[in-house]
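The values are calculated or read from the model by the stated rules, or taken from the named source; none is laboratory data. Computed from a prediction, not measured in an experiment: that's the story for all the values here. Cβ atoms come from the backbone with ideal geometry, glycine included; neighbour counts cover every protein chain shown. Note: areas computed on protein heavy atoms with side chains; ligands, DNA, RNA excluded. Shrake-Rupley method; radii C 1.70, N 1.55, O 1.52, S 1.80 Å.
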Protein chains: 2
Amino acid sequence: MNEILVAGHKSPDTDSIGSAIACAYLYTETGRAAKAVRAGEINKETRFALRSFGLTEPPLCTEFAAGQQVVLVDHNERKQSIDGVRDADVVALIDHHRLGDFETEKPIFISVEPVGCTATILFRMFERAQVHIPQEIAGMMLSAIISDTLLFRSPTCTERDKLAVKALAKLAGVDYEEYGMNMLKAGADVSDIPVEQWVQTDKKEFMAGEQTFSVAQLSVMDTAPILARRDELHRLMEADRSAHGYLASFLMVTDILQEETELLFVGDIDAWVARAFATEPRDGSVHLPGVMSRKKQIVPPLLGAV
Amino acid sequence: MNEILVAGHKSPDTDSIGSAIACAYLYTETGRAAKAVRAGEINKETRFALRSFGLTEPPLCTEFAAGQQVVLVDHNERKQSIDGVRDADVVALIDHHRLGDFETEKPIFISVEPVGCTATILFRMFERAQVHIPQEIAGMMLSAIISDTLLFRSPTCTERDKLAVKALAKLAGVDYEEYGMNMLKAGADVSDIPVEQWVQTDKKEFMAGEQTFSVAQLSVMDTAPILARRDELHRLMEADRSAHGYLASFLMVTDILQEETELLFVGDIDAWVARAFATEPRDGSVHLPGVMSRKKQIVPPLLGAV
């Protein structure tokens, strides 16, 4: 109980794992013993990154003990946190998302910035604390930024993300473009993943008033084999929606190379989707050219059109 | 509408004014035109600080236009903001309070730190941006920190607050201890203020579940002349409580030199107060030795005991 736990969101992505590892290292180096944990299964992209830099998976944590000291990275909404967060002692938040239902009883350290990745904020925190970033930590941080910005292609990517990647690549000793494409490819390979898991990929829940909706995202190099199974995906999404009582479930099928998204959805929400994206949906789907970011291009229009 | 407005809380104190001025200056110097505004009447302490450094009061703003770009300093709870904040475009938050009901639609810059004063966070932002702090801005920032920490006496005061004051004193060209005592004295002089205004001093509203309570604070060098009018204060507080429909109204009468607070209250809340402070209240009041901070020593126990 003395160690601070550093945790990203459920359905962890490379930023949630990489930033948790980097943040735990920074805290420990600056005198507060901390340990990274994961809130769920590691995805293929993150596994590729961990292996590339010789790191093992952080231990799984499914529930915080009451009073456990916790640092949250890469998320702040309660529904995305490890269970028990309400009675944990959240001592810091480092994030790059909109602020949701996050409240604290006392003042704590909060750093949220509109950059592409949590690791970019941490990069500056290492600088400020004058803590050297070891090779494997630099590797995870650059993996996180490449993952969140889809190697600088996402509209969420900022100059600071690019500068951080370039500096981290030197520390990690990799060619970030070559490594980045290999990592994204490893993550985008869904061929050996059961289709049931496609609809759960990086799924996050959001509140629209009193109701919840979910948005999952599958980022791939080629969407054709996925969209060929559209009916099956709709059925699986509907089953997930009704099991959780969601207002709606969305699945972004994002083409990394073409920089576009086919947004599948279930729920009686054609009018909402049409308002949000100014496009008439057809058969539970809208085609969104140029859209790659859930945070910047999907969730805000949906919330704005509720 | 092109200028960003930088605003502190209603019933502004020296931090809400000083940090708004400093932040507007920093934003403007770094390329985003910004202007400080005040959310209400300037108090005597702040007037002393403004005059000491040759500055005029920021213009009053009672309501934000919809879509107005806004930076919030020194507060985040909606009830403490200028009206219309909900439909304004809040682009940044710099604060040292607990996070309340603050939500954003998109990711924005947020820096909250558990230090004694917002100006201490801004001091580091100036450093990071490598922007020189002019004499009058340094003066307002050091006034803010001295005000919030009661010249380092408050338990909210951190090492960083002290270091910032010492550095700012050089830039402002003042002896911070001498200046600070004079400023606190100017603020603590309530002799020419109508008693009706005592109970409104730096009043803030807080949510306890669905209900609202208010906590005002009067920091003085000698509490005797104030506590001599206890019955009158209770009557005025009760009138204010019923006018606003508060669950309860509190007035901290804080002795800066003795470092203690007499906490007056109205509302049927003896049991709540007893639980929060582990002291039986008598005649709508509890004596709290060592208590000077609303944020750290009054609001958390009250919320914890609701």
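Residue count for segment B:190-232 under the criterion of being hydroxyl-bearing (S, T, Y) and open to solvent by less than 40 Å² (accessible area, probe 1.4 Å): the result is 4. With the requirement that a residue be surrounded by fewer than 18 Cβ atoms within 10 Å (Cβ to Cβ) and outside any helix (DSSP H, G or I), what does segment A:165-183 give you? Of everything in segment A:165-183, those that are surrounded by fewer than 18 Cβ atoms within 10 Å (Cβ to Cβ) and outside any helix (DSSP H, G or I) turn out to be A:G173, A:D175. Inspection of segment B:74-93 finds a residue satisfying the criterion of being farther than 17 Å from A:I94 by Cα, within 10 Å of another protein chain (Cβ to nearest Cβ) and open to solvent by less than 10 Å² (accessible area, probe 1.4 Å). Applying the criterion of being open to solvent by 10 Å² or more (accessible area, probe 1.4 Å) and not hydrophobic (A, V, I, L, M, F, W, C) to the residues of segment B:100-112, the residue that is nearest to B:A20 (Cα to Cα) is B:S111. Among residues that are closer than 17 Å to B:A92 by Cα and out of contact with any Ser or Thr (no Cβ under 6 Å at 6 or more places or on another chain), B:E41 is not included. Evaluation of A:K162 against the conditions (1) within 14 Å of chain B (Cβ to nearest Cβ); (2) in a helix (DSSP H, G or I) shows that the sole unmet condition is (1).
Pairs are defined by a Cβ separation below 6 Å, a sequence spacing of at least 6 or placement on different chains, a first member in segment B:168-180 that is in the same structural domain as B:M125 (by TED's automatic domain parsing), and a second member that is open to solvent by 40 Å² or more (accessible area, probe 1.4 Å); the pairs so defined are B:A169/B:Y176; B:A172/B:Q135. Of all residues in segment B:94-111, those that are closer than 22 Å to A:R124 by Cα and within 15 Å of the chain's Cα centre (by Cα) total 3. If you go through segment B:289-304 and keep only what is open to solvent by less than 10 Å² (accessible area, probe 1.4 Å) and in contact with a helix residue (DSSP H, G or I) (Cβ under 7 Å, 6 or more places away or on another chain), you end up with just B:L302. For B:F48, the stated conditions do not hold, so it cannot be described as open to solvent by less than 60 Å² (accessible area, probe 1.4 Å), farther than 28 Å from A:H96 by Cβ, away from every other protein chain (no Cβ under 14 Å) and not charged (D, E, K, R).
In the same structural domain as A:R294 (by TED's automatic domain parsing), at pLDDT below 95 and not in a loop (DSSP other than H, G, I, E, B): does that describe A:E238? Against the criterion (in the same structural domain as A:R294 (by TED's automatic domain parsing), at pLDDT below 95 and not in a loop (DSSP other than H, G, I, E, B)), A:E238 does not qualify. Here A:G116 passes the criteria (1) modelled with pLDDT of 95 or more; (2) assigned to a loop (DSSP other than H, G, I, E, B); (3) more than 19 Å from the chain's Cα centre (by Cα) except the one numbered (3).
Only one entry in A:V199, A:V306, A:V266, A:V195 is touching a strand residue (DSSP E or B) at 6+ places or on another chain (Cβ under 6 Å) and under 20 Å from A:E45 (Cβ atoms), namely A:V199. Of the candidates A:L142, A:L151, A:L99, A:L122, the single residue that is away from every other protein chain (no Cβ under 14 Å) and in a loop (DSSP other than H, G, I, E, B) is A:L151. Scanning segment A:283-300 for residues that are in contact with a Ser or Thr (Cβ under 7 Å, 6 or more places away or on another chain), away from chain B (no Cβ under 14 Å) and in a loop (DSSP other than H, G, I, E, B) returns A:V291, A:M292. Note on segment A:193-235: residues that are of a type in the set (A, V, I, L, M, F, W, C), farther than 29 Å from A:L99 by Cβ and not in a helix (DSSP H, G or I) total 4. Among the residues of segment A:274-306, those that are among the hydrophobic types (A, V, I, L, M, F, W, C) and within 22 Å of B:P107 (Cα to Cα) comprise A:A276, A:F277, A:L288, A:V291, A:M292, A:I298, A:V299, A:L302, A:L303, A:A305, A:V306.
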